[in-house]
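Have a look at the structure below, then the notes.
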Amino acid sequence: MKKKMSVIGGIAIVAFAVTLSQCSKKNSYSAPAPPAAKVVGLRTDVALGNYLVDTNGHALYFFANDADGQNNCSGPCALSWTAYGGGGLSGGQLDAGLDLSDFGSTASAAGGTQLTYRGWPLYTYNPSGTPEAAGRISGDGVGGIWFVAKPDYSIMLANFQLVGKDGNNYKSDYTEGTGRTIYFTDDRGHTLYAFKADSANHNRYTSADFSNNAVWPIYGAASDLAVPSVLDKTQFSTTGVFGRSQLTYKGWPLYFFGADSNLRAKNSGITVGSPLGTAGRTWPVMVQSFLGAPQP
């Protein structure tokens, strides 16, 4: 009888242990990992539309001097404009609507790593050393060369040295010499040109079979035009080119130069078709101050 009771007692102890183990498993709870912080987000402004922000909601900016994809903000510039970000960005750290493939990195002037968006280094604005408040975009348009970082620009502005295919440096008036010129690019820093033989909304260069389009590719029209705030959006339009659309500015059709090879801030087309030692007579870079194209 004692042996039987001992067996029953052993079974009870085992059953109790199993119950305790199951209760322990039921009561143990591992909280899900918190979502990755949004290193880059999107906000909307009534006037400017969507724009990029940092993890704290501060607006991010592009610098026209960085058209080559490098940080060109050092010394006094860096006191008001801080390079943003670092490496190791993941898709989970981006707001919906942003594509990881659009982001990269470059070296900042201070020697760290800086995030880039479509090749443009990203900055936060710190006027007088004080970070701009979240939700404000007071840095947009500063000096005509700082612009809030938008995900949908059709046109951007470069502030860069003109260097002809002849290897010479040219100033904004196309005389030889050094000095930056503010001119139009696409959203990835590729230079845009006008053809001086064109007339208002009339492309006189492109062949009907597009056999020469690789030499001077037309800039196809954007479905939803977005331009820097210092430009007048109403000055842009489109024109038809043998069944395709080409973006125009003040009636001037806009082109790329094939030999620029899709390199950022490359503007060697300025000397093509011009007399030796001159520039801009046939294929000038497009600038804001261009007069309207002549009527046909």
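Laid out as a table, the results:
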{"quantity": "Of Ser211, Ser105, Ser237, the one that fluctuates the most in a GNM where the chain has Cα springs shorter than 10 Å", "calculated": "Ser211"}
{"quantity": "Computed [θ] at 222 nm, deg cm²/dmol, the chain (DSSP H ≥ 4; -39,500 (n - 2.57); rounded to nearest 500)", "calculated": "-3500 deg cm²/dmol"}
{"quantity": "Debye log10 I(q)/I(0) for the stretch 205-296, one point scatterer per Cα, at q = 0.16, 0.21 Å⁻¹", "calculated": "-0.75, -1.28"}
{"quantity": "Evaluated over the chain, the Cα radius of gyration and Dmax, each in Å", "calculated": "28.8, 119"}
{"quantity": "Cα centroid separation - the stretch 74-127 against the stretch 220-277, whole Å", "calculated": "27 Å"}
{"quantity": "Distant-in-sequence amide H partners of Asn267 (H built 1.01 Å from N, under 5 Å)", "calculated": "Val163"}
{"quantity": "When each of Lys165/Lys233; Lys38/Lys150; Lys150/Lys196 is checked by Cα-Cα distance, pairs over 20 Å", "calculated": "Lys165/Lys233; Lys150/Lys196"}
{"quantity": "Crossing angle, helix 2-27 versus the chain [Cα axis fit, 0-90 degrees, rounded to tens]", "calculated": "20 degrees"}
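Read-outs: derived from the displayed coordinates by stated rules, not from any lab. Bear in mind the structure is a predicted one, so any value in this text is a computation, not a measurement.
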